[in-house]
1. Quick check: at a probe of 1.4 Å, how many percent of the accessible area of segment 305-388 sits on carbon and sulfur atoms?
2. What list of ³J(HN,Hα) values in whole Hz, one per residue of segment 358-363 in order, does the Karplus curve 6.51 cos²θ - 1.76 cosθ + 1.60 (θ = phi - 60°) give from phi, with Gly and Pro shown as x?
3. Based on the mean of other Cβ atoms within 10 Å per residue, sort peptides 95-106, 168-179 so the most packed one is first.
4. In sequence order, what are the phi-derived ³J(HN,Hα) couplings for segment 250-257 according to the Karplus relation 6.51 cos²θ - 1.76 cosθ + 1.60 with θ = phi - 60°, rounded to whole Hz, with x for glycine and proline?
5. Check each of the GluC sites (Glu not before Pro) in segment 251-295 and keep only those in coil by DSSP with at most 15 other C-beta atoms within 10 angstrom; list them in order.
6. Count of lysine pairs in segment 255-335 with Cα atoms under 18 Å apart, counting only pairs 8 or more residues apart in sequence or on different chains?
7. Between Thr378 and residues 5 or more places away or on another chain, which pairs have amide H atoms under 5 Å apart, with H built 1.01 Å from N, and which residues are they?
8. Could you give each residue of segment 279-287 its phi-based ³J(HN,Hα) in whole Hz, using Karplus coefficients 6.51, -1.76, 1.60 with θ = phi - 60°, and x for Gly or Pro?
Amino acid sequence: MIFPRESLTWDCYCICYEMDVEEMEVDGTENHSLRNDKIPKTLCGLDFCFHVFNKMYIDDIIALEKCDVIPGMYWYKRHPIYKVDIMGVVVKRQENVRCFIYAVDDGTGVITCCCWKSRLHEQSSEDIETTLQRCRNLPEVLRKKMSGVLMSEAKKKEGYSLGDLVHIRGKIKIFRGEREVVASYHNKLEDPNMEIVRMSELPILYRTLYDMDTLPKKVLEELSEMSGQKKGICHGEIVPELKKILVTFIEDQQPEEISVEHVSKIPGVTVLLKEMKTSEEKNTQIQSALDVLEGEGRVFTKQKNHVYGVINPGCSMERLIMDILKRDCVKEKFQNEGCHYLHIVDEVRKSPDYSAITNSCVLTCLNNLEYQSDVIRTSFTKYFLCKI
């Protein structure tokens, strides 16, 4: 239920919101709500939520379930979401060299928003006037549009103040363990009624779109048949579950190397893959989980087929890296700031056992050595030996 803007008050918004919530409860969950199983990643593009900036409550954005299969994507029930559209009041403000950091509150929760400064912020008022003079040959409509854009960007140079109502669109990111919105569009709203319009619009969006299946009917029928045949965890969720089991196994047992055959005999893996009929299917899923761990720097491929070395504290690769740092940190080129990690990667790859090592594996070893106080990080990418 949406009222004309002129007649909106906070009381009428509250009445409207309560009515929508009651309607949502009456509808129930049998016919309109989503099932708990997620759609395969290959079908995410068929969902409208994947392509648009989704208008949502900040509380729901904070509570979104992280997708382990596709980095940067989140789940709201069965809808894939990575772009959001929020509107709220600035309750905290921080300015950095390259961006403004705002805490935005819409009444349901508070989320951090990062608004990058554009190059126009570096222009002075004289530069703006010079730019407008250069555009004097343009049609009047374009000149007015250009002037409005430049003036708007000039106002953004000082940032928003506490209590300003802002409209922000952007992608959901993780920074220092906290979820935030990195803005691709942001603007200050002069009309305070716009917040009430938004809050009266959201219950309708949730009831008619977010809380319902919006995939084509044929796709939903195929998904229901697939879930009925599997009677358990779907293929899209097997790899993340396998990864959790392998991480626990590595942390507890700390093996020097593992293989696909070895992993298939782990009790938790056997139970997870018992519904798969062929060994080829099982090996494919295990291989995918090992590839994910390799990308995270936990394991690395050895020259033997389907055999992976494990990155554990005190492993042979750490000793090799220590030898490289002892040798190179005394050289004139590295004695002040230390060795760049890419240089260390190149040196490690000269060893036949680590010819296919990835950057993430070397960084994992360097982080372990730094944690053990064997090396020190002199910059974001350079490392120096603590004792030469």
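The values are calculated or read from the model by the stated rules, or taken from the named source; none is laboratory data. Nothing here was measured: the structure is a model prediction, and the numbers come from that model. Glycine also receives a Cβ, built like all others from the backbone with ideal geometry; neighbour counts cover every protein chain displayed. Heads up: the accessible areas ignore ligands, DNA and RNA and are worked out on the full protein's heavy atoms, side chains in. Shrake-Rupley method; radii C 1.70, N 1.55, O 1.52, S 1.80 Å.
1. Numbers: 2370 of 4660 Å².
After summing per-atom areas, the C and S share lands at 51 percent.
2. 9, 4, 5, 5, 5, 5
3. Values: 95-106: 16.4, 168-179: 14.3.
Those peptides, ordered most packed to least, come out 95-106, 168-179.
4. Per-residue couplings from phi come out as 5, 5, 7, 8, 6, x, 7, 8 Hz.
5. Numbers: sites: Glu251, Glu256, Glu257, Glu261, Glu275, Glu280, Glu281, Glu294; in loops: Glu256, Glu275.
Of the GluC sites (Glu not before Pro), the ones in loops of segment 251-295 whose Cβ has at most 15 other Cβ atoms within 10 Å are Glu256, Glu275.
6. On the way: Lys265/Lys274; Lys265/Lys277; Lys265/Lys282; Lys274/Lys282.
Taking the Cα cut-off of 18 Å, the pair count is 4.
7. Correct list: Tyr383, Phe384.
8. 5, 5, 4, 4, 5, 5, 5, 5, 4
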